[in-house]
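Down below is the structure, laid out as structure tokens.
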Amino acid sequence: MDGQLTYGMVGGALDSMIGESHRNAILLDGRAKIVSGCFSRNFKKTLLTGQKWKIKRDRLYRDYQQMVIEESRRKPKIDFVVIATPNISHYEIAKAFLEKGINVACEKPLTTTLQEAEHLKKIANQLDLLVCVTYSYTAFPVIPIARKIIRSGEIGSIRMVNAQYLQGWLAKPLENENKQSNWRLDPSQSGLSNTTADIGSHVENMISYLIEKDIQSLCAKLDTFVKPRKLEDNSIVMVNFKDGARGIYCMSQIAMGEKNNFNFSIYGSKGSLKWSYEHANTLNIIFEDSYKLIKKEDKILDGTNEGFKNLYSLFITDLINKKNGKKITNSNAHFQSINSGVRGMKFIEKCLESNKKGTWVKFN
Ligand SMILES: NC(=O)c1ccc[n+]([C@@H]2O[C@H](COP(=O)([O-])OP(=O)(O)OC[C@H]3O[C@@H](n4cnc5c(N)ncnc54)[C@H](O)[C@@H]3O)[C@@H](O)[C@H]2O)c1
């Protein structure tokens, strides 16, 4: 397959949780081809992943620093790099590629501090580069429809949001048994937050995207139920929006029996909207005495990939349009840009601040 664009990837080796979702999503879109990678710090894993994806041996790298040097010398350069490493390295890797003029698609949370996220935004905007943050859930087909319904006023003015992201995989101590839990619960790999950063970032992104309201203040209670963990495994956040709407976000990774239960209900003055990842292509719209169901065809059996595929399609379309001379920036992009990534980091930092102080904190 010869795509119009080429890309490289850092992290996301075959044994990672999310690497294949990225590569498969881009393959399904069909307009970009993977040509280089440093998929792991273990070069054998990079070679194995590269072999599977038919990447030439001389474009597989032992470390991302070498990849940046070699790939940025090539003419033409890769159009973008995908970063799917643990959180702590997002900033340094994204910065290195941006500084060499390469667009970035980076996993959430964008960085581990707001300051780093703002710095990346500054570099990207100064160099006129696009940064996509791979908040995949907002790209499920019914989600933009839900946003349009809210914008149209069909459910009235938004009064209350109840959003939950519940998992049970950390209900027991998994440390040292599972590499994904190892780094997520280690502040030197994950940053200062586990649950709020890992899944709360998706909740914040989803609700901000849908209701388009600024947060005025929030009050967060982060708990660590399984001891002696250093980071939270449960996070409950109350949110005040600027126009008086209220929200409650409940994120848990110790919710025994839950797999990946991400759902929201948005209540307006005329009706409400309900969505759940378990039926990701269905949207329920409920009025006082009537009910509407919007159902999109499940195009891909693994639901996660459908969000990733749609997100990458938006990103790739914007990259192609930009290459063809259209003025596409991180502010008018159709994908989840660095602006969402920065706001997400602010949300995480404000939750940490509120939890530490034990009070409501202002968002701005
Ligand atoms: N958008 C989503 O829905 C979603 C879902 C899962 C994970 N994530 C995010 O994806 C990222 C990775 O999470 P995961 O669960 O796949 O982790 P993982 O531990 O399964 O995989 C991380 C991969 O990065 C590689 N790696 C680590 N440091 C590296 C470096 N310096 N250079 C090259 N490779 C390196 C590891 O070898 C591994 O292959 C995290 O930021 C996580 O928050 C997002």
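With R₀ set to 22 Å, the beta-carbon distance separating residue 225 from residue 175 gives a calculated FRET efficiency near 0.95. Between residue 225 and 233, 234, the built amide H atoms are under 5 Å apart, and every one of these is 5 or more places off in sequence or on another chain. Taking GluC sites (Glu not before Pro) across region 295-364, the ones in a DSSP loop with at most 12 further Cβ atoms lying within 10 angstrom of their Cβ are 297.
D for region 213-311, whole µm²/s, Stokes-Einstein with Kirkwood Rh over alpha-carbon pairs at 10 °C and 1.306 mPa s: what number? Mind dumping the intermediate values first?
On the way: Rh = 16.3 Å.
D = 97 µm²/s.
Within the accessible area of region 152-215, the carbon and sulfur atoms contribute 46%, probe 1.4 Å, all protein chains present. Cross-link pairs exceeding 24 Å between alpha carbons, from the set 33/259; 100/326; 121/323: 33/259. Each residue, residue 246 and residue 58, gets one label point 7 Å from its Cα in the Cβ direction; the gap between the two is 6.5 nm.
How much net charge surrounds residue 38 when only other residues with a Cβ under 9 Å from its Cβ are counted (Lys, Arg +1; Asp, Glu -1)? Net charge around residue 38: +1.
Think of region 25-152 as having a plus end and a minus end, set by charges on the Cβ of Lys, Arg, Asp and Glu; of 46, 68, 131, 46 sits farthest toward the positive end of this dipole.
Indicate the gyration tensor shape class of region 240-364 (rounded, prolate or oblate), computed on the Cα atoms with a ≥ b ≥ c the square roots of the eigenvalues: a/c under 1.5 is rounded; otherwise a/b larger than b/c is prolate and the rest oblate. It is oblate, given that a/c is not under 1.5 and a/b is not larger than b/c. The figure for residue 151 is an accessible area of roughly 150 square angstrom, using a 1.4 Å probe on the protein chains alone.
The lysine pair tally for region 172-257, using Cα distances under 26 Å and a gap of 8 or more places or different chains, is 9.
Which loop trypsin sites (Lys or Arg not before Pro) in region 1-38, with loop taken from DSSP, have no more than 13 other Cβ atoms within 10 angstrom of their Cβ?
Here no loop site has a sparse enough neighbourhood.
Rounded to the nearest Hz, the phi-derived 3J(HN,Hα) couplings of region 61-71 under the Karplus curve 6.51 cos²θ - 1.76 cosθ + 1.60 (θ = phi - 60°) are 10, 6, 8, 5, 4, 5, 4, 4, 4, 5, 5, where x marks glycine and proline. Over all directions, the projected convex hull of the C-alpha atoms in the chain averages 18.1 nm² in area. Each DSSP beta bridge with both residues in the chain is either parallel or antiparallel, and the antiparallel ones are about 60%. Ligands, DNA and RNA aside, residue 79 has an accessible area near 20 Å² when probed at 1.4 Å. Using a 1.4 Å probe on the protein heavy atoms, what percent of the accessible area of region 239-353 belongs to carbon and sulfur? Here carbon and sulfur together make up 51 percent of the probe-accessible area. About the centre of its Cα atoms, the chain shows a dipole size close to 780 debye [charges on the beta carbon of Lys, Arg (+1) and Asp, Glu (-1) only; nearest 20 debye].
Between residue 113 and residue 286, the simple spin-label model (points 7 angstrom out along Cα→Cβ) gives 4.4 nm. The HN-Hα couplings worked out from phi for region 202-213 by the Karplus form 6.51 cos²θ - 1.76 cosθ + 1.60 (θ = phi - 60°) are 5, 5, 4, 5, 4, 6, 4, 4, 6, 9, 6, 10 Hz, whole numbers, x standing for Gly and Pro.
Computed over protein heavy atoms with a 1.4 Å probe, the carbon and sulfur contribution to the accessible area of region 13-73 reaches 53%.
In the chain, the longest principal axis of the Cα atoms and the axis of helix 338-357 are about 60 degrees apart. Remark: the Cα gyration tensor places region 91-225 in the oblate category, a/c being 1.5 or greater and a/b not exceeding b/c. Residue 293 sits with roughly 100 Å² accessible to a 1.4 Å probe, with DNA, RNA and ligands left out of the calculation.
Please report, in debye to the nearest 20, how large the charge dipole of region 183-304 is about its Cα centre when each Lys and Arg carries +1 at its beta carbon and each Asp and Glu carries -1 there. Charge dipole of region 183-304: 100 debye, to the nearest 20. Candidate cross-link partners of residue 270 among the aspartates and glutamates, defined by an alpha-carbon separation under 13 Å and a same-chain spacing of 8 or more, comprise 154, 288, 289. Toward the positive end of the charge dipole of the chain, with +1 on the Cβ of Lys and Arg and -1 on the Cβ of Asp and Glu, the farthest Cα among 119, 218, 182 is that of 119. Anisotropy class assigned to region 11-117 is rounded, per the alpha carbon gyration tensor with a/c under the 1.5 cut-off.
The values are calculated or read from the model by the stated rules, or taken from the named source; none is laboratory data. From a predicted model like this one, the values you see are computed outputs, not experimental measurements. Using ideal geometry, Cβ is built from the backbone for each residue, glycine included, and neighbour counts are taken over all protein chains shown. All accessible areas refer to the heavy atoms of the entire protein, side chains included, with ligands and DNA or RNA removed. Shrake-Rupley method; radii C 1.70, N 1.55, O 1.52, S 1.80 Å.
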